[in-house]
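Working notes, beginning with the structure itself.
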Ligand SMILES: Nc1nc2c(ncn2[C@@H]2O[C@H](COP(=O)(O)OP(=O)(O)OP(=O)(O)O)[C@@H](O)[C@H]2O)c(=O)[nH]1
Ligand SMILES: [Mg+2]
């Protein structure tokens, strides 16, 4: 199993210098490369990434994007840059410092024969640490809508950016959202396409370094657009049968 880790990073200098050594310290043999996707950061994310490249060589790659910023654009460009020798891709947030130990369970689960593994914050009631209430309500409402209208979608948490998929699964998504709603596309499209995806519980902890850029109300229309895309993709698939 050869994995590329794609890390969207906007103003994450404090986090990447902790996260990356932690990942390579524990899982060097599994990770072919770590791709940091920096989008117009106004802190020293770029310099921190260059220092990591000096230390770890080819294991680290830096993709510098220019405007427009966005997690979706970053994921799309990061995945596009995955090296040919990787057969799996993991995506995670740069502030998931406490989740590095979880990676072991992703790898074990994937080896059971799945096409992809999603880290779910809603399988275990102890998973959320300081998760903002408004985010929880909107996340639950979104999943309620999905499950109520598409009963075959049994995922508890499609939208966490903590996923380990075969490369071909990410390639099949064709990310269209430029912002955080891309995380819904990467969670939902593979299921519609018939890939075998499983969830495992992970903890989500409020970040300690840097600032959040997630704005619930501004993002709601983008998540609804992904929902409509799912319905459209399902109808298209039905018409093909
Ligand atoms: N490349 C890139 N990455 C981004 C952008 N916006 C956010 N990110 C990254 O996406 C990931 C998730 O963003 P966060 O701000 O942590 O969002 P969140 O997890 O919902 O919220 P908090 O953890 O509370 O801050 C982090 O790795 C960010 O650095 C962007 O415009 N470009
Ligand atoms: Mg975060």
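Bear in mind these aren't lab numbers, they're just calculated from the coordinates by the rules spelled out. The shown structure was predicted, so the numbers you read here are calculated from the model rather than taken from an experiment. Using ideal geometry, Cβ is built from the backbone for each residue, glycine included, and neighbour counts are taken over all protein chains shown.
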Label points 7 Å out from Cα along the Cβ direction at residue 234 and residue 218: separation in nm?
3.1 nm
When all Cα-Cα pair distances of region 101-198 are considered, the percent exceeding 21 Å is 33 percent
Express in whole angstrom the spacing between the alpha-carbon centres of region 197-220 and region 135-183.
13 Å
Peptides 179-186, 50-57, 166-173: what's the order by average Cβ count within 10 Å, highest mean first?
179-186, 166-173, 50-57
Could you calculate the FRET efficiency of residue 205 with residue 67 from 1/(1 + (r/R0)^6), where r is the beta carbon distance between them and R0 is 45 Å, rounded to 0.05?
0.90
Rounded to the nearest 10 degrees, the helix 13-27 long axis (Cα) sits at an angle to the longest Cα principal axis of the chain of 90 degrees
With both bridge residues required to lie in the chain, what share of the DSSP beta bridges run antiparallel, to the nearest 5%?
25 percent
Nearest 10 degrees, 0 to 90: what angle lies between the long axis of helix 71-80 and the longest principal axis of the chain (Cα atoms)?
70 degrees
Fewest to most Cβ atoms within 10 Å: 1, 92 sort as 1, 92
Roughly what angle does helix 182-192 make with the longest principal axis of the chain, taking Cα atoms, 0 to 90 degrees, to the nearest 10?
50 degrees
Cα-based shape type of region 32-140, given that a ≥ b ≥ c are square roots of the gyration tensor eigenvalues and the cut on a/c is 1.5:
oblate
Ordering of 23-35, 224-236, 4-16 by burial proxy (mean other Cβ atoms within 10 Å per residue, highest first):
4-16, 23-35, 224-236
Give, in nm to one decimal, the length gained when the segment between residue 149 and residue 53 is fully stretched (0.36 nm per residue of separation minus the Cα-Cα distance).
29.9 nm
Per residue convex hull volume, Cα atoms of the chain, in Å³:
123 Å³
Taking r as the C-beta separation of residue 135 and residue 81 and R0 as 35 Å, the FRET efficiency to the nearest 0.05 is 0.75
